[in-house]
Amino acid sequence: MTFWTAGDFETYRENYGVMLDVLYQNPVISNILNNVARPSQLDGYAKVMIDALKDNVPLLMQNFVSLIESEFVFVATHREPFIFLRERSRIAARATGDYVNELMKPVVVKYFRDLVDGCYILKLRNSLNVEEMLALNNRILDIAFSDAFVKDIPLQVKFIVSEIFKQASRYGFGKFNYMLTGNMLILRCLCPMISVPEYYGVCSPSKGAPSQMARKSLVLQGKLLNNIANFSQGIDFELDEQLIQYKNHIKDTSEKFKVWVDKIINEDFSSFSVQSNARYNENFELNVKETPNEQQILNAKQEIALIQENEQQLKQKFENSRLNQLKLSEKIEDSSMYTGEEQQESEIDNEQVEQKLDQVVNEEQQSPCNVSEHTKSQLQKENTKDINEEYETSPSLSVAQIQPQEELIKQNLKSLNINPKNYQLRYLACIHRALTNHKQQIYDVIQAMFSQATQFTSTFEQEAHENKFARLIQQYARLQIVTSTSLVNTLNQLLTILQTPPPVALEVDYIPYDPKIALPKYFKITKQNSLGRNQKRIIKFTTISLINVDGDLNNVNGEKKKFGKPPVAKNELFGDNILAIKIDKLQPIIDLSTELNGERSKRAYICENMVIRDQILGEIFDLCYWKGPKLEFKGYCKDLQVTLKLTKDSIIKLQDDKIVADYHYCRLKVEKVGIILHLIFTTDGESIDDEIIMNEGQHELFLQEYHKLNKTYQTQDEPDLDKL
């Protein structure tokens with residue numbers, strides 16, 4: 001079994017803050033990860049980056065520059081400029097695209113809302129009428145190409161566009177620089193915002209989704225904009241039957257597009273003070289004065305190998321201390337259930353064990369080598385008499401007992417002080433696992449950039465992946481990075497303190513297939529208590545807790561009351577109530593050790609299958625990892641006191657401990673009128689209006705948290721324009 005304690009999650013919080021600092025202070029690592037890791041392995045990377053650096057714009061721009069460079073390395077590997085920023089799940093496309101859309105949305109709303117709202121009355125005949133569509137496209141272009149619109153484009157967006165334009169020439173794709181710029185300004189921004197205005201909030205809130213007929217006209221306008229950008233390089237693209245009628249208009253307007261881009265990139269960006277990490281020159285030659293000889297390459301390899309060997313020795317030393325401490329933690333956890341004389345004897349034994357462990361740790365600190373085998377063996381015999389040997393212990397360690405050497409490494413690496421608790425553990429674990437799994441490939445790329453060597457030591461299961469990586473190495477070998485050994489040393493130190501990543505549990509899919517009948521997410525499990533008795537149970541996760549539900553769910557979800565009593569919320573667990581988590585790799589079971597109201601107990605959740613087990617495990621991990629206020633909103637509804645709890649997909653209303661309603665965000669609208677909150681829920685074509693009276697301070701905090709969750713919930717899946 002695998003075992004985690006509360007101290008492990010404290011360690012994750014400490015270490016992942018260091019990890020984010022190292023990544024963002026060394027943008028070249030993100031550059032390499034963008035090309036060597038699959039997009040699915042870096043889920044949430046872009047979201048974390050944008051949020052973590054939102055107040056440090058120069059550093060965020062430096063990371064964007066590195067990611068854009070990574071895209072050009074990717075393009076050069078395939079010799080295909082048309083794939084630039086097309087794979088939207090890659091870090092570079094997701095990070096820069098989402099950031100540009102976020103900054104451009106207010107500008108597009110300001111200039112295009114009236115025009116888009118007017119398109120909602122268009123009929124099918126409009127999308128077939130070439131003259132009307134040309135007139136509409138000219139109106140769009142007049143607005144976009146105007147000096148007022150260009151002036152209102154945020155400086156950060158202009159900088160990103162400018163970097164794409166300049167790097168296209170720098171990396172040998174100068175004849176496509178206007179078209180590649182259009183991939184950001186048009187394909188990732190204006191085109192989707194005009195084609196799907198309800199998703200991006202461009203249309204008036206009351207408009208909703210356009211009719212199918214109006215949608216065709218809007219999508220056509222997006223396609224026209226995209227092709228105007230593509231034709232700006234004088235390349236005669238093949239147009240489909242619908243667009244062939246607009247070919248002359250597209251060609252005539254493409255020159256205006258180039259003038260527009262020139263105006264956008266003609267800005268002073270000195271405030272960002274951005275220096276790129278690696279460069280090609282315009283002739284696509286090595287950006288070095290001379291090619292290093294074989295001896296220089298050999299020296300570089302030996303230096304990197306020496307750093308790796310030293311860090312491996314330090315890592316092994318940490319592992320030995322961690323293993324001893326975790327065995328001790330497990331013994332203490334098992335002894336926590338004892339009572340009376342057994343408990344007293346256990347406490348005495350634990351004090352003796354801790355004293356001996358401290359003695360060994362002190363010897364480690366004073367000696368440059370590991371503890372002698374005799375000492376470790378003797379300590380292990382005395383410490384592990386009652387330990388269940390089948391448990392696999394986590395390699396993490398509580399912050400209070402981290403070795404001084406490791407603490408010193410953290411102090412040296414940490415500089416930005418990014419708070420990692422603001423982000424889901426799942427996202428951070430994905431980044432951690434990607435760094436661990438692709439470590440050797442990252443080393444190979446760094447070595448290639450340092451010595452222009454194209455040999456690599458990474459192993460691949462499939463020949464296709466090896467061939468792709470070989471082409472990638474050849475492109476990275478054309479770049480130069482001066483601080484190669486320093487970067488390798490930093491990365492090795494980071495991986496030393498990170499140790500083994502937590503399992504990347506599956507993210508729960510809270511998005512319903514049909515929003516009109518959306519129901520909140522509950523999990524059906526079998527609960528096994530400390531006496532070994534099995535009971536059918538239902539559990540529900542709020543944003544900060546786990547609720548055990550006892551009763552019939554047909555009496556909630558805002559529906560009319562059916563037979564039976566309302567379900568009851570029992571034994572709510574917060575992250576700090578969970579002392580330990582154990583799982584079996586082969587069984588869909590989660591064992592929890594908890595402390596609630598001063599009483600310690602153990603429970604097991606038996607899940608339907610491993611998929612459900614992993615989803616629940618991921619939610620529990622997030623609860624244990626997150627440290628924040630226990631938000632609970634109390635008010636009055638029809639003179640009865642109620643409590644509102646926010647979840648990832650709904651608002652739960654409780655009266656005493658009874659769940660009287662659970663409103664899914666898809667079918668809910670929240671309005672504030674004076675001191676009254678109106679929860680307007682739609683069911684069976686009718687609206688239910690719950691009036692909740694809260695004090696003013698609770699109102700504002702509730703609405704802030706609600707809009708944050710509701711916005712996240714509604715923007716999970718970006719529309720696929722090709723299917724519209």
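Every number here is computed from the coordinates shown, using simple stated rules; none is lab data. What you see is a predicted model; the values in this text were computed from it and never measured. Cβ: placed from backbone, ideal geometry, glycine included. Neighbour counts: every protein chain shown.
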* Would you order LYS105, LYS708 from fewest to most other beta-carbon atoms within 10 Å of each residue's own beta-carbon? => LYS708, LYS105
* Asked: How far is it, in nm, from the label point at GLN462 to the one at GLN641 when both lie 7 Å from their Cα along the line to the Cβ?
  -> 6.0 nm
* Asked: Taking other Cβ within 10 Å of each residue's Cβ, how do ARG426, ARG86 sort, fewest first?
  -> ARG86, ARG426
* Between LYS630 and SER211, what is the spin-label point distance in nm, taking each point 7 Å from the Cα along the Cα→C-beta axis? -> 5.4 nm
* To do: In Å³ and rounded to a whole number, note down the convex hull volume per residue for the Cα atoms of the stretch 515-714.
  => 138 Å³
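Sort the following peptides by mean Cβ neighbour count (other Cβ atoms within 10 Å, averaged over residues), highest first: 454-466, 161-173, 570-582.
Numbers: 454-466: 11.8, 161-173: 20.7, 570-582: 18.2.
Peptide ranking by packing, descending: 161-173, 570-582, 454-466.
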* Asked: In the structure displayed, which of LYS123/LYS216; LYS105/LYS258; LYS524/LYS669; LYS645/LYS708 lie more than 19 Å apart, Cα to Cα?
  -> LYS105/LYS258; LYS524/LYS669
* Cross-link list LYS47/LYS256; LYS414/LYS630; LYS421/LYS540: which exceed 26 angstrom alpha carbon to alpha carbon? -> LYS47/LYS256; LYS414/LYS630
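Sort the following peptides by mean Cβ neighbour count (other Cβ atoms within 10 Å, averaged over residues), highest first: 66-77, 610-621.
Values: 66-77: 23.0, 610-621: 19.7.
Packing proxy ranking, top to bottom: 66-77, 610-621.
Over the residues of the stretch 62-197, compute the C-alpha Rg and express it relative to 2.2 N^0.38 Å.
Working it through for the stretch 62-197, the quotient is 1.15.
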* Structure fact -> Expected sort for TRP260, TRP626, TRP4 with the fewest Cβ neighbours (10 Å cutoff) up front is TRP626, TRP260, TRP4
* **the stretch 515-714, relative contact order [Cα under 8 Å, separation at least 6], %** => 18 percent
* Asked: What percentages, rounded to whole numbers, describe P(r) for the stretch 567-632 computed over all alpha carbon pairs with 5 Å bin width beginning at zero?
  -> 4, 15, 25, 24, 20, 9, 3, 0
* Asked: Under a plain spin-label model, where a point goes 7 Å from the Cα along Cα-to-Cβ, how far apart in nm are LEU134 and SER530?
  -> 8.2 nm
